[in-house]
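To keep things clear, I will list the structure first and then write my remarks on it.
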Amino acid sequence: KNQVEQSPQSLIILEGKNCTLQCNYTVSPFSNLRWYKQDTGRGPVSLTIMTFSENTKSNGRYTATLDADTKQSSLHITASQLSDSASYICVVSGGGSQGNLIFGKGTKLSVKP
Amino acid sequence: DAEITQSPRHKITETGRQVTLACHQTWNHNNMFWYRQDLGHGLRLIHYSYGVQDTNKGEVSDGYSVSRSNTEDLPLTLESAASSQTSVYFCASSVRAGTGETQYFGPGTRLLVL
């Protein structure tokens, strides 16, 4: 069964610290993997997307990595800010159409001053 | 600025009533999607459309319907609301059909069915 598992479920860090969120998937075939950020009370916003051949992609203080062999991805946040408090959702596409996206349950990150 | 909007933002209704949630986008995107988001679940696809007069069922379509009469709008109708349909509903749109295309999400509608 195609699944996307994210860990941890929730995380609390102090402002200025780094953190890493994990995403493991069993989706096959694999087309691409995307990370979304969802602020409380708002819709998700895309951070990065990676295809099979990409290992790393950055968007400001956000760096996503992909290991297609082990079917793992991580999202690293550097020098966290209060505005990074949000849920981060990993989404995997197995190809075909956008009707076949597999969403993880998300990691809820809280950044404390 | 082009955008995607949802209305109402909050809705309380009673079991058995028909409810329609509106989604409107001004990007002229061909593709539109409806998801629901519940605690303990990832976003789950309800219905989607790749263009005018096109509609497709998603993973959790039972009890929901959509119609696409123009490019800008994809209203979601709950035929007979049930308590299990209490959720946060998100509409999204994208330019093209490829799986690498970014979906842009609306702000969500929080629905409570009593």
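List of remarks:
- Residues considered: B:Gly58, B:Gly100, B:Gly51. Of these, the only one that is within 14 Å of chain A (Cβ to nearest Cβ), under 28 Å from A:Thr48 (Cα atoms) and over 16 Å from the mean Cα position of the chain (by Cα) is B:Gly100.
- Among the candidates B:Thr86, B:Thr71, B:Thr109, residue that is farther than 28 Å from A:Pro8 by Cα and either exposed (fewer than 15 other Cβ atoms within 10 Å of the Cβ) or touching a residue at least 12 places away in the same chain (Cβ under 8 Å) (or both): B:Thr71
- Residue within the stretch A:32-54 that is at pLDDT below 95 and in contact with a helix residue (DSSP H, G or I) (Cβ under 6 Å, 6 or more places away or on another chain) present: no
- Any pair with Cβ under 7 angstrom, 6 or more apart, that starts in the stretch A:98-113 at a residue that is buried (at least 20 other Cβ atoms within 10 Å of the Cβ) and ends at one that is β-branched (Val, Ile, Thr) and in a helix (DSSP H, G or I): none
- Flag for A:Ala86 being under 23 Å from B:Gly40 (Cα atoms) and in contact (Cβ under 8 Å) with a residue 24 or more places away in the chain: yes
- So A:Lys17, is it among the charged types (D, E, K, R) and within 14 Å of A:Phe103 (Cα to Cα): no
- Of all the numbered requirements in (1) among the basic types (Lys, Arg); (2) closer than 25 Å to B:Gly106 by Cα; (3) more than 11 Å from chain B (Cβ to nearest Cβ), A:Lys17 misses one, and that requirement is (2).
- Filter pass, B:Tyr64 being surrounded by 16 or more Cβ atoms within 10 Å (Cβ to Cβ) and out of contact with any helix residue (DSSP H, G or I) (no Cβ under 6 Å at 6 or more places or on another chain): yes
- Residue match in the stretch A:23-31 (condition: of a type in the set (Phe, Trp, Tyr) and surrounded by 16 or more Cβ atoms within 10 Å (Cβ to Cβ)): yes
Rundown of residues vs (1) part of a strand (DSSP E or B); (2) under 26 Å from A:Val4 (Cα atoms); (3) modelled with pLDDT under 95, yes/no style:
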{"position": "B:Thr15", "(1), (2), (3)": "no, no, no"}
{"position": "B:Val60", "(1), (2), (3)": "no, yes, no"}
{"position": "B:Ser84", "(1), (2), (3)": "no, yes, no"}
{"position": "B:Ala92", "(1), (2), (3)": "yes, yes, no"}
{"position": "B:Arg96", "(1), (2), (3)": "no, yes, yes"}
{"position": "B:Glu101", "(1), (2), (3)": "no, yes, yes"}
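- Of the residues making up the stretch B:72-83, none is at the interface with another protein chain (Cβ under 10 Å from one of its Cβ atoms) and closer than 25 Å to A:Ile89 by Cβ.
- Selection from the stretch A:2-45 of residues that are touching a residue at least 12 places away in the same chain (Cβ under 8 Å) and at positive phi: A:Gly16
The values are calculated or read from the model by the stated rules, or taken from the named source; none is laboratory data. In this text the structure is predicted, and so the values were computed from the model without any measurement. Note: ideal-geometry Cβ built from the backbone for every residue, glycine included; neighbour counts use all protein chains shown.
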